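Values quoted throughout were computed directly from the atomic coordinates according to the rules given, and no laboratory measurement underlies them. Small disclaimer: the values here were computed from a predicted structure and weren't measured. All Cβ positions, glycine included, derive from the backbone under ideal geometry; neighbour counts span all protein chains shown.
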Amino acid sequence: MKTYQFINQSLRATSYTWSFESPFDSNATNPNNTYTSNTNGRTASLLATNSCITSKISKNLTIKGIKEQANQQNFHSYYDDNTLVLKDLNDAS
C-alpha cells in the first residue's frame, strides 16, 4: 500500500473535486490517495471551479513497485506520453 499526494496547480479556483476512480474522491486542495496494488490505466481527475468557470483536467496513472513496507517518501514521478507515472525507488524493476 502506498499513499501519494496530488498537487493542485489551478489558479483562482474556489472549490475542487478530485476523482481517483476509487471509493474515495476528495474536495481537498491537495489530497492524498492510497493505492493498494500496482496499476496501469487508472485516471486521476481534478474539477476546479470558481463563480465564472469550471475547468477539468484528467491524467492517466501508472503505479509501479508498490510493496507493503515501501518507504512513502522515496518515489519518483514523471510524465510518459501524457501519463503520470509514480515509481517506488525502492523497487529494483
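Approximating the spin labels as points 7 Å out from Cα along Cα→Cβ, the L11-to-S51 distance works out to 2.0 nm.
Extending 7 Å from the Cα toward the beta-carbon at both T34 and M1 defines two label points whose distance is 0.3 nm.
Taking chymotrypsin sites (Phe, Trp or Tyr not before Pro) across region 1-65, the ones in a DSSP loop with at most 14 further Cβ atoms lying within 10 angstrom of their Cβ are F24.
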